[in-house]
Amino acid sequence: MTEENQPWTARFRPKTLVELVGNERAVRQLETWVRSWEKGVPKQRAVFLYGPPGVGKTVSVLALANKLGYDVMEVNSSDYRTRKNLDSLIGRSIHQRFTITGRRRMILFDELEGVSGREDYGGIGAIAGIIKATEIPVVLIATSIRERWEDKFRPLRDISLHIKYNPVPFSQILMRLKVIVEELGISVDEEVLELLADLSEGDLRSTINDLEAVARGKTRVTMEDTQNLAQRDRKDYTPDALAKMFSAKTLRDARRVVSSAHISYDDLYNWIYENLPIVLDNPLDLVEGMNALARADIHQTRARRTQSYRLLKYMFNEMTGGVALARRNSEGLGLVKMARQKIAEQGFPPRDFTITETPDGVMIKPNRYLKNDWRRVNEAVRSMGAVWVRRGGCWNLPYFRSPQQVWRYRRTWQSRRRRRSLAARVAEKCHVSSHEAVAEVIPLLKVIFEEDPFMAGDIAGWLGLEDGEVKWLKT
Amino acid sequence: MSGGMWAEKYRPQTLDDMVNQSEIISRLKNFVKDRNLPHLLFVGPAGVGKTTSILALARDLYGPAYRSYILELNASDERGINVIREKVKNFARTASIASQVSFKILVMDEADSLTNAAQHALRRTMEIYTRTCRFCLIGKYSEIIIDPIQSRCSIFRFAPLSERDMKGWIRSIAKKEGVSLIEEGLVAIYEAAQGDLRKATNLLQAAAATQKDEVDDIVIYSVLGRVSPGKVRELLNMGLKGEFMEARKILRTLLIDEGLAADDIIRMIYSEIMRLSIPERWKVKLSDTLGEIDYRLTQGARPEIQLSALVANLALAGEEMDR
């Protein structure tokens with residue numbers, strides 16, 4: 001694979017410590033600990049790196065190993081981490097401090113948050129055993145050292161040195177993006193980079209992914225190009241986890257989605273909410289499912305307000321089991337029905353299209369050449385979330401769509417900013433609060449500005465509006 | 001004729017211009033005559049002249065330059081007790097330079113949305129700066145204002161406008177602006193505004209913008225259909241029909257695209273529910289559900305989720321009505 005063909009996260013992955021962005025202190029601490037092995041086995045034989053995804057935990061270990069001349073044996077979530085498997089994987093190597101070529105060795109257990117209680121039975125205990133016996137450095141990595149709802153890392157916590165990684169600050173992400181853009185030789189508007197950095201929440205890796213999504217194959221990128229950004233499904237495996245959840249017959253099976261979806265439970269919550277009406281197509285089921293989701297919201301609010309995170313388990317039960325077990329009268333995903341209805345609404349006879357379920361969702365395939373009708377059909381099915389697959393000559397409607405309110409917020413941020421400034425002006429001039437201005441006055445102003453240019457001009461002058469605000473009111 | 005929003009253009013400028021609330025106005029006029037004021041607490045529904053009265057009083061008291069002697073704050077915008085403390089104190093502690101009046105006036109609109117803590121802070125401020133500043137607190141409900149503040153204020157209760165006053169006022173604006181408003185249109189405005197004169201005036205203006213000939217009830221309803229309460233009605237209808245996906249789309253338009261606050265939507269849903277033609281028993285039931293949701297929102301719950309749950313439940317009401 002040439003460098004150009006690589007995903008940008010790989011291409012711009014730091015290879016040396018100097019290229020690393022953020023978490024300087026954590027990396028220094030890590031280096032001190034690794035170096036301490038040169039004088040024999042230290043008191044703490046393992047180090048536990050924890051922090052949110054995409055801030056450079058793994059990369060810093062690999063870069064440091066490179067610098068200090070270590071070979072890294074890596075065990076991550078693609079490996080089964082049962083006791084038996086770990087023993088055969090690691091085995092006696094923890095007693096062999098050097099490779100046959102004379103390089104030092106270390107073990108890296110990555111993505112520990114993905115160690116599951118059932119499939120990886122005994123895994124955590126086995127890792128603890130390895131740490132107690134090891135003669136080479138052991139590095140543990142997880143997103144959090146103390147999971148809120150099940151304290152599975154406890155045996156590891158007590159016998160390791162903890163180093164915390166923080167989200168990468170906005171300014172550093174922005175700087176890194178600028179360097180990358182420069183290296184690529186493309187021109188990207190400053191505000192695009194700022195938006196990306198802003199959306200990153202300190203996750204540099206996902207930001208580079210997003211940059212690639214909007215900029216790949218372009219020489220110039222403007223705010224226009226960011227419109228589809230949030231529609232991209234950043235985590236491909238979430239839909240699979242959701243499918244399992246929605247078809248679960250027990251609370252326990254449904255609950256599993258919380259750890260298997262690999263997204264924060266807030267995001268998961270939004271995914272479930274987004275797709276719930278598609279799965280629960282019977283009104284009675286929908287009421288029950290929606291009530292469960294609303295109850296979940298309450299439990300979370302209480303957990304947050306009282307700082308009692310043990311209450312979160314009630315939230316999880318409602319949002320997973322409460323929703324999945326509400327499915328009693330629903331026919332299924334209801335997507336085929338929805339698609340048929342949409343096509344019929346456009347006035348096509350059923351024989352014009354083949355609509356069937358596929359492993360990825362629902363396929364909508366025209367049986368004849370659509371010519372000028374294509375655009376109309378496209379518009380109709382796109383409103384459900386279907387996308388045209390050119391190679392297949394059909395539309396694909398995915399089973400689960402990503403939460404829409406998120407991209408809707410992002411798409412409308414400029415408009416909302418404009419409304420806020422306008423509301424402040426109206427509030428002052430009309431002696432009302434700005435939320436009253438938004439609720440009562442601005443909607444009527446919009447009617448006036450759309451209908452009567454003369455009256456609109458008069459009001460614009462009276463309120464002292466700028467061109468941009470006038471334009472916003474007219475659309 | 002020009003002059004911006006009609007609700008402002010025709011806002012009475014002096015106490016003499018006020019057409020309603022005659023008893024309150026005559027008491028306020030006495031304050032102007034004495035060139036002295038107690039602290040004031042104005043309570044009553046929206047759009048009946050509370051803000052107008054205090055602005056008119058200030059103009060009568062200080063003359064055309066009254067703006068420099070009065071500070072208007074809106075408690076629902078000035079969030080946080082510190083902002084209120086600072087702005088209020090800075091304004092209140094400096095003496096008036098008007099020759100004949102020794103105090104300035106601070107108007108706190110929507111005072112009933114102040115937290116308890118903020119009200120207690122305000123109470124002390126009112127006491128300390130009484131010499132240089134009078135407070136006029138405005139709100140819908142006096143019950144929510146703490147007793148110590150109530151006992152320091154003269155309370156004025158503003159009555160809802162009578163149908164005659166309101167129609168007369170709207171008719172006179174229509175005449176001055178050359179709008180041919182027929183009786184059916186006037187009735188529709190009156191019913192939509194529910195005694196809120198500002199709302200009625202704004203509605204008349206928007207209707208006049210869409211229709212150059214005759215403004216009748218159909219014009220008014222078409223304008224109402226294009227603003228938030230019309231969309232709220234559509235939302236409820238979709239919910240009753242069990243069209244959850246469509247309803248959720250409208251809900252998102254209101255919350256995200258139009259930026260309405262959740263409690264405004266709740267307020268609109270409430271008044272729409274009361275007007276729906278559904279079994280009375282369901283009105284009580286839905287009001288109870290709405291009350292539960294309203295409370296949940298004060299506790300920090302997600303507005304879209306809670307309102308979606310309400311919409312889903314509407315389908316049950318709709319189904320029972322079909323049977």
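Are any of the pairs A:Lys244/B:Lys241; A:Lys15/A:Lys43; B:Lys89/B:Lys231; B:Lys50/B:Lys285; B:Lys50/B:Lys175 more than 32 Å apart by Cα-Cα distance, and if so, which?
From the list (A:Lys244/B:Lys241; A:Lys15/A:Lys43; B:Lys89/B:Lys231; B:Lys50/B:Lys285; B:Lys50/B:Lys175), the Cα-Cα distance tops 32 Å for B:Lys89/B:Lys231; B:Lys50/B:Lys285.
Restricting things to alpha carbons, tell me how big the protein assembly as shown is in terms of Rg and Dmax, in Å.
For the protein assembly as shown, the Cα-based Rg and Dmax read 32.3, 103 Å.
Rg (Å, one decimal) plus Dmax (Å, integer) for the alpha carbons of region B:254-323?
12.4, 37
Can you give me the orientation-averaged projected area of the convex hull built on the Cα atoms of region A:238-324, in nm²? Can you show the working numbers first?
On the way: hull surface 19.8 nm².
If you wrap the Cα atoms of region A:238-324 in a convex hull and average its projections, you get 5.0 nm².
Name the long-range amide H neighbours of A:Asn329: under 5 Å, sequence gap of 5 or more, or other chain; modelled H, no Pro or chain starts.
A:Asp285
Counting other C-beta atoms within 10 Å, which of B:Leu55, A:Leu397 has the fewest, and how do the rest follow?
Starting with the residue having the fewest Cβ neighbours, the order is B:Leu55, A:Leu397.
With bins 10 Å wide starting at 0, give me the P(r) of region B:90-152 over every alpha carbon pair, in whole percents.
P(r) over region B:90-152, rounded to whole percents: 22, 51, 23, 4.
What is the projected area of the convex hull of the Cα atoms of region A:23-164, averaged over all directions, in nm²?
8.1 nm²
Cα convex hull of region A:412-474: mean projected area in nm², to one decimal?
3.8 nm²
Hey, any idea what Rg/Rh is for chain A, computing Rh the Kirkwood way over Cα pairs?
Using only Cα positions, Rg/Rh for chain A is 1.03.
Using only the Cα atoms of region B:6-157, what semi-axes does the equivalent ellipsoid have when each is the square root of 5 times a gyration tensor eigenvalue? Give whole Å, largest first. Please report the intermediate quantities before stating the final value.
Numbers: eigenvalues 101, 69, 41 Å².
For region B:6-157, the ellipsoid semi-axes come out as 22, 19, 14 Å.
Which value, in debye to the nearest 20, gives the size of the charge dipole of region A:238-324 about its Cα centre, when Lys and Arg are +1 and Asp and Glu are -1 at the Cβ? Write down the numbers at each step before the final one.
Numbers: 11 positive and 10 negative charges, 117 e Å.
Rounded to the nearest 20 debye, it is 560 debye.
Take the eigenvalues of the Cα gyration tensor for region B:179-281, scale each by 5, and report the square roots as semi-axes in whole Å, largest first.
Each semi-axis is the square root of five times an eigenvalue, giving 26, 15, 13 Å.
What average count of beta carbons from other chains do you get within 10 Å of the Cβ of residues in B:63-76? Don't skip to the end; give the middle numbers.
Numbers: counts 0, 0, 0, 0, 0, 0, 0, 0, 0, 3, 1, 8, 1, 6.
The mean count of partner-chain Cβ atoms within 10 Å per residue comes to 1.
Relative to the Cα centre, what is the charge dipole magnitude of the protein assembly as shown, using +1 at the beta carbon of each Lys and Arg, -1 at the beta carbon of each Asp and Glu, and rounding to the nearest 20 debye?
Dipole of the protein assembly as shown, to the nearest 20 debye: 2440 debye.
In what sequence do A:Phe454, A:Phe348, A:Phe48 fall when counting other Cβ within 10 Å, fewest first?
Going from least to most buried by this count: A:Phe454, A:Phe348, A:Phe48.
Going by alpha carbons, how many degrees (0 to 90, nearest 10) lie between the helix axis of B:183-193 and the longest principal axis of chain B?
Orientation of helix B:183-193: about 80 degrees from the principal axis.
Do me a favour and compute the ellipsoid semi-axes for region A:370-427 from its Cα gyration tensor, root of five times each eigenvalue, largest one first, whole Å.
Working: eigenvalues 255, 44, 12 Å².
Three semi-axes, in Å: 36, 15, 8.
Which whole number gives the average count of other chain Cβ atoms within 10 Å of the Cβ atoms across peptide B:103-109?
Rounded to a whole number, the mean comes out at 1.
Please give the charge dipole size of region B:10-57, origin at the Cα centre, charges +1 on K and R Cβ atoms and -1 on D and E Cβ atoms. Round to the nearest 20 debye. Walk me through the numbers on the way to the answer.
Values: 6 positive and 4 negative charges, 21 e Å.
Computed about the Cα centre, the dipole is about 100 debye.
In whole angstrom, note down how far apart the Cα centers of region B:251-293 and region B:158-177 are.
So the separation of the two Cα centres works out to 29 Å.
Please give every one of the aspartates and glutamates within straight-line cross-link reach of B:Lys104, meaning a C-alpha to C-alpha distance under 17 Å, and leave out same-chain neighbours fewer than 8 residues apart.
B:Lys104 reaches B:Asp34, B:Asp60, B:Glu72, B:Glu86, B:Glu127.
Which is farthest toward the positive dipole end of chain A among A:Met315, A:Val381, A:Leu174, measuring Cα position about the Cα centre, with Cβ charges +1 (Lys, Arg) and -1 (Asp, Glu)?
Farthest towards the positive pole: A:Met315.
Fewest first, what order do A:His431, A:His95, B:His120, A:His299 take by the number of other Cβ atoms within 10 Å?
Listing A:His431, A:His95, B:His120, A:His299 from fewest to most nearby Cβ atoms yields A:His95, B:His120, A:His299, A:His431.
For region A:252-388, what Kirkwood radius comes out of the mean inverse Cα-Cα distance, in Å? Display every interim value, and only then the final one.
Working: mean 1/r = 0.0587 Å⁻¹.
That comes to 17.0 Å for region A:252-388.
Angle between the Cα long axis of helix B:197-210 and the longest principal axis of chain B, 0 to 90 degrees, nearest 10?
For helix B:197-210, the angle is close to 60 degrees.
How tilted is helix B:163-176 with respect to the longest principal axis of chain B? Cα atoms for both, answer in degrees (0 to 90, nearest 10).
That works out to roughly 80 degrees.
Find the percent of Cα-Cα distances in region B:163-226 that exceed 13 Å, and round it to a whole number.
Values: 1065 of 2016 pairs.
Value for region B:163-226: 53 percent of Cα pairs lie more than 13 Å apart.
Would you be so kind as to identify which of B:Thr253, B:Gly230, A:Tyr269 lies farthest towards the positive end of the dipole of the protein assembly as shown, taking Lys and Arg as +1 and Asp and Glu as -1 on Cβ and the Cα centre as origin?
Result: A:Tyr269.
Throughout, read-outs are computed from the coordinates displayed, never taken from laboratory work. Only a predicted model underlies this, so the values are computations on that prediction, with no experimental measurement involved. No Cβ is skipped: glycine too gets one built from the backbone with ideal geometry, and neighbour counts run over all protein chains shown.
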